[in-house]
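The values are calculated or read from the model by the stated rules, or taken from the named source; none is laboratory data. The model shown is predicted, which means the values in this text are computed figures rather than measured ones. Neighbour counts run over all protein chains shown; Cβ positions are idealised from the backbone, glycine included.
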């Protein structure tokens with residue numbers, strides 16, 4: 001009896017439990033995306049400004065790039081950590097790559113938001129009473 | 001334990017594949033807005049060169065890195081396994097294409 005519950009078996013059972021939870025959670029998320037419970041309509045597009053409700057949504061390239069890089073690097077980190085049996089280190093250049101992608105997204109969002117902001121300031125001008 | 005790790009690894013790879021397939025299908029059906037990615041105008045007709053450059057560069061970088069990470073052995077850095085490093089030239093390529101994209105975006109007024 002004591003040989004069944006040794007450290008190795010407990011570690012194995014723990015790993016199996018974590019794997020089932022992780023894959024189960026991933027499966028539920030995928031199922032909800034498939035059924036539409038988790039909406040992906042605005043995944044690539046910037047939200048429509050409040051002052052322009054009739055404006056159409058437009059896909060953002062910097063957002064798309066950030067999404068792809070995040071998925072790929074996080075996915076590789078997860079997969080290779082499982083393969084190595086321990087958390088793997090992330091090289092500085094890969095972190096710089098994520099930084100470039102994220103920084104580009106932020107600047108693009110700021111530039112896009114800045115051009116929308118000038119329209120808002122025009123609307124706040126007081127109307128003439130003449 | 002190795003078998004369980006392999007199962008989890010392949011399970012996650014399949015999950016990523018299904019997720020990307022689902023997103024791709026939604027984009028093709030039009031449920032996810034993907035139009036206007038090559039133009040700064042919502043209904044722009046002209047493809048802007050800085051956007052076309054970025055669309056050409058970043059998938060190249062992503063595919064190269066993903067391929068090298070999945071097909072080569074993990075390097076050992078300071079006694080610990082590490083993700084493969086990305087070549088400096090690719091980093092410079094990505095920085096350049098992003099800089100040109102942002103410059104074009106600023107020049108066109110967002």
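Considered as a group, the residues in the range B:69-95 that are surrounded by 13 or more Cβ atoms within 10 Å (Cβ to Cβ) and more than 7 Å from chain A (Cβ to nearest Cβ) include one that is farthest from the chain's Cα centre (by Cα), and that residue is B:75. Scanning the range B:96-107 for residues that are touching a residue at least 40 places away in the same chain (Cβ under 8 Å) and surrounded by fewer than 15 Cβ atoms within 10 Å (Cβ to Cβ) yields a single hit, B:103. For residue B:15, the conditions (1) at the interface with chain A (Cβ under 9 Å from one of its Cβ atoms); (2) outside any helix (DSSP H, G or I); (3) more than 23 Å from residue A:105 (Cβ to Cβ) all hold with the exception of (2). When residue A:46 is tested against (1) facing chain B (nearest Cβ under 7 Å); (2) within 30 Å of residue A:107 (Cα to Cα), just one condition goes unmet, and that condition is (1).
Name the single residue that is modelled with the highest pLDDT among those in the range A:54-64 being in a loop (DSSP other than H, G, I, E, B) and facing chain B (nearest Cβ under 8 Å). Across the range A:54-64, the extreme among qualifying residues is A:60.
Criterion applied to A:67, A:95 was being part of a helix (DSSP H, G or I), more than 7 Å from chain B (Cβ to nearest Cβ), closer than 19 Å to residue B:92 by Cβ and out of contact with any strand residue (DSSP E or B) (no Cβ under 8 Å at 6 or more places or on another chain), and the one residue passing it is A:95.
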